[in-house]
Amino acid sequence: MSPNFKENKVLAAMTTAVLAVVVYAAHSYLWTAKVTVSLDVPAVGQQIYDPSGLDAARFYFEENPDSALALKEILYDPKLANSQSVFTTTLNDGDQFFITSQPSSMLTTATELFERPQALLINTAAASSALSARDDFMLRLIADTGQEQKTIAQYINQLPGNRLLVLQDSSNSGYTDNAYRYFLNEINKNWEITHYRFLFKDFRPDSFEPLLAHRFDALYVLGGNFQPNMGNIAQMFHQSHPNAPIVLTPWARSNLLYEFAGPAIKRMVILSHYPNSADDSAVANYLKRFEQRFGYQPLAISLTIRQALELLEQALAAGHSSPESIKRYLLSRPEQSTSLGTIIFDEYGDSVQPLHPVSNLDRKP
């Protein structure tokens with residue numbers, strides 16, 4: 001055997017070994033590469049408005065260290081008139097998956113960014129019907145305004161009495177104005193409605209004393225964004241109407257709001273996206289773990305953000321990686337199971353599951 005032949009064999013063996021290492025490294029990279037999911041977080045400057053959503057996402061990754069996802073946090077100003085700027089930078093960076101908790105008045109300004117399969121957004125908070133029945137790349141995990149208000153009106157319709165006070169928040173009008181129109185279409189005509197629209201954040205008890213001197217059989221607090229002042233409003237109404245029920249939207253399920261409500265909590269009913277934690281062991285267990293980790297009870301939005309992450313994880317595990325294929329996969333089955341309950345989508349990716357009347361509130365969201 002010639003020396004040249006031996007050298008060629010050695011060189012071939014070395015080349016094969018190098019190629020094997022390169023192929024293995026490439027497969028290892030593809031196996032371990034994370035898919036970025038961007039979560040927007042309302043903040044004033046660098047001060048986060050409420051940490052529930054962000055902590056829920058961080059908690060998910062703590063409990064799932066082998067997740068195929070990687071979290072990108074995007075801080076945004078909740079007072080923005082147009083939210084396109086929240087998404088454009090990360091879209092330009094090539095990010096394809098988003099989870100948002102923006103309210104209706106903001107998210108409705110960014111719909112054109114998700115009309116094409118460049119990115120998929122999961123909406124956990126904006127209920128506006130302007131986002132419904134659209135063949136786009138937004139999936140919504142909560143009931144839209146029409147479904148929500150129909151359920152609330154049906155609940156009020158079975159209450160005793162005929163005099164209803166409706167107090168509507170004029171902020172986030174993209175939600176509350178539409179909600180009130182839907183509500184009026186569904187409420188029984190035997191109810192005599194007194195309607196007052198104002199900024200909840202400017203609530204002053206003394207200005208409402210003349211109004212509350214009248215008799216009412218029930219109060220409907222039509223507001224969102226988990227504003228603690230809704231608790232103050234409920235408490236003042238309760239002082240002059242101690243036996244009247246107080247009905248609130250899903251966007252009132254907040255521990256701080258319960259504290260502001262004081263004794264009115266005994267008469268409050270929230271039409272919620274989730275059952276009372278006392279009636280749902282999965283929700284109760286999650287909230288217990290969350291509180292042990294962070295030392296507080298989160299807003300209900302934390303549950304929906306957890307579900308959004310789980311849905312993306314399931315789609316990736318099933319072999320789907322593009323916005324278009326993940327959307328198609330999630331809509332191909334009528335029900336999607338998560339650790340916190342089932343998500344039911346219609347053909348457009350809008351949630352159609354019912355709301356739950358939650359009373360006996362024990363200061364848990």
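The values are calculated or read from the model by the stated rules, or taken from the named source; none is laboratory data. None of these values were measured; they are calculated from a predicted model. Neighbour counts are summed over all protein chains in view; Cβ atoms, including those assigned to glycine, are modelled from backbone coordinates with ideal geometry. We work out accessible area using only protein heavy atoms, side chains counted, and drop any ligands, DNA or RNA first. Shrake-Rupley method; radii C 1.70, N 1.55, O 1.52, S 1.80 Å.
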Considering only protein heavy atoms, what per residue accessible area in square angstrom results for the chain with a 1.4 angstrom probe? 46
Label corresponding to mean projected area of the Cα convex hull in nm² when calculated from the structure given, among (1) 23.1; (2) 19.7; (3) 18.1: (1)
Could you tell me which trypsin sites (Lys or Arg not before Pro) in region 166-213 are loop residues by DSSP with no more than 12 other beta carbons within 10 angstrom of their beta carbon? Lys189
Explain nothing, just the number: dipole magnitude of the chain about its Cα centre with +1 on each Lys and Arg Cβ and -1 on each Asp and Glu Cβ, in debye rounded to the nearest 20. 360
Looking at the chain, how many pairs of lysines come closer than 15 Å at the Cα, when each pair is eight or more places apart or spans two chains? 5
Theoretical ellipticity at 222 nm over the chain - DSSP helices of four or more residues, -39500 (n - 2.57) apiece, nearest 500: -13000 deg cm²/dmol
Roughly how many Å is it from the Cα centre of region 262-292 to that of region 309-338, as a whole number? 28
How big is D, in µm² s⁻¹, for region 72-112 by Stokes-Einstein at 25 °C and 0.890 mPa s if Rh is the Kirkwood radius over C-alpha pairs? 229
Carbon and sulfur atoms account, in whole percent of the 1.4 Å probe accessible area of the chain, for 53
Let me spell out the model: positive unit charges on the Cβ of Lys and Arg, negative unit charges on the Cβ of Asp and Glu, origin at the Cα centre of region 102-169. What dipole size does that give, in debye rounded to 20? 240
If we sort 224-234, 157-167 on the protection proxy, mean other Cβ atoms within 10 Å, highest first, what's the order? 224-234, 157-167
